[in-house]
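Q: Attaching a single structure in structure tokens format; questions to follow.
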Amino acid sequence: MLTAIALPPGGSSTVHIYMQTIHGTTQSTQTIHRTTQSTQTIHRTTQSTKTIHRTTQSTQTTHRTTQSTQTIHRTTKSTQTIHRTTKSTQTIHRTTQSTQTIHRTTQSTQTIHRTTQLIPIWHRHKLLR
């Protein structure tokens, strides 16, 4: 509510100056308020950006760890395959050795047989008595 008051001569210009000062102060206060709100928004945005950055770094670390785990898994599978191949190779080696022993025994048996064939029958008969 506005009330009219009696002003001395020149007093109205003083009131006018005061009103302009109050108006300017109000404008400045509103600008400061908006600036403060903007600063708070910028702060929240900065905090969110930092959180996103940390999450991104964590995701990258998780990705690298997953790749390492997959490499370890493939290496383990390869090692298991090498182990099975080595066992198979050892089995083949033992079988080859056994086959060579059988071959030598067969050759010896054949030599004995040929030698026996060369001894005259009458001599063999004597030897058997």
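Q: Which of the following residues is at pLDDT 95 or above and of a type in the set (S, T, N, Q): SER28, SER12, SER68?
A: That would be SER68, the only listed residue that is at pLDDT 95 or above and of a type in the set (S, T, N, Q).
Q: May I ask you to list pairs of residues, at least six apart or on different chains, whose Cβ atoms are under 6 Å apart, with the first in segment 68-86 being assigned to a helix (DSSP H, G or I) and the second being surrounded by 10 or more Cβ atoms within 10 Å (Cβ to Cβ) and at pLDDT 95 or above?
A: none
The values are calculated or read from the model by the stated rules, or taken from the named source; none is laboratory data. From a predicted model like this one, the values you see are computed outputs, not experimental measurements. Cβ sites come from the backbone with ideal geometry, for glycine too, and all protein chains shown count toward neighbours.
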